[in-house]
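What follows is a set of notes on a single structure, which appears directly below.
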Amino acid sequence: MQNKIIISMTSWPKRINCVAKAYGSILMTSVDKSLYHCVLVLSEAEFPNKEKELPADLMLLIETGLIELIWIKENTRSHKKLMPTLEKYPNNPILVIDDDVIRTEGWLKAFITDHKKYPNDIIVGAFWKKFILKNRNTIKCFGFSL
């Protein structure tokens with residue numbers, strides 16, 4: 001796992017249905033999968049029945065090994081996408097991403113290119129447009145990153 005970029009995400013019950021789409025937008029790019037490893041960190045406090053509460057499309061990505069699932073006890077909010085991943089992969093660069101943004105084809109490649117140029121720097125990226133459509137208890141996620 002050395003030298004791979006770890007792409008870490010977290011989610012919560014109201015947005016768990018977005019995770020497979022968000023990771024799918026990365027997994028379907030032309031970037032070689034040997035360059036990165038996807039990690040999803042979830043809390044048992046929010047998903048007490050663990051995998052039984054996860055959507056089928058997400059479970060397929062986990063079961064095929066495209067996404068590694070890390071369980072933690074408590075909900076540490078936004079810290080859960082970095083701290084458990086940093087603990088498990090202390091020598092890898094970590095890219096933290098949101099669960100409600102669909103990335104464009106060139107997004108990961110651009111990040112990897114910048115990381116190679118500046119391997120010891122913190123790189124911050126943003127997206128130019130984010131759409132969240134709320135319909136009572138349902139949140140649908142659409143977004144496009146640079």
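The values are calculated or read from the model by the stated rules, or taken from the named source; none is laboratory data. Quick caveat, the model's predicted, so the values are computed rather than measured. Virtual Cβ from ideal backbone geometry, glycine too; neighbours counted across all protein chains shown. SASA here: full protein model, heavy atoms, side chains in, ligands and nucleic acids out. Shrake-Rupley method; radii C 1.70, N 1.55, O 1.52, S 1.80 Å.
Give GLU46, GLU63 a once-over and let me know the one that is under 16 Å from ASP99 (Cβ atoms) and acidic (Asp, Glu). So the residue among GLU46, GLU63 that is under 16 Å from ASP99 (Cβ atoms) and acidic (Asp, Glu) is GLU46. In summary, strands (runs of 3 or more DSSP E) completely within the stretch 89-146 and bearing 2 or more residues that are at pLDDT below 50 occur at 127-135, 138-145. The number of residues in the stretch 64-77 that are without any contact (Cβ under 8 Å) to a residue 40 or more places away in the chain and surrounded by 12 or more Cβ atoms within 10 Å (Cβ to Cβ) comes to 6. Yes or no: the stretch 48-63 includes at least one residue that is touching an Asp or Glu at 6+ places or on another chain (Cβ under 7 Å) and touching a residue at least 40 places away in the same chain (Cβ under 8 Å). No.
For the stretch 40-63, the count of residues that are closer than 18 Å to ILE94 by Cα and either among the aromatic types (Phe, Trp, Tyr) or part of a helix (DSSP H, G or I) (or both) is zero. For the stretch 1-39, taking the residues that are farther than 12 Å from ASP99 by Cα, outside any helix (DSSP H, G or I) and polar (S, T, N, Q), the one that is least open to solvent (accessible area, probe 1.4 Å) is identified as THR29. Among the residues of the stretch 64-88, those identified as assigned to a loop (DSSP other than H, G, I, E, B) and at pLDDT below 95 are LYS73, GLU74, ASN75, THR76, LEU82. In the stretch 45-54, of all residues being open to solvent by less than 50 Å² (accessible area, probe 1.4 Å) and touching a helix residue (DSSP H, G or I) at 6+ places or on another chain (Cβ under 8 Å), the one that is farthest from LYS73 (Cα to Cα) corresponds to LEU54. Every listed requirement among (1) open to solvent by less than 30 Å² (accessible area, probe 1.4 Å); (2) under 18 Å from ARG15 (Cα atoms); (3) touching a Ser or Thr at 6+ places or on another chain (Cβ under 9 Å) is met by TYR89 save one, (2).
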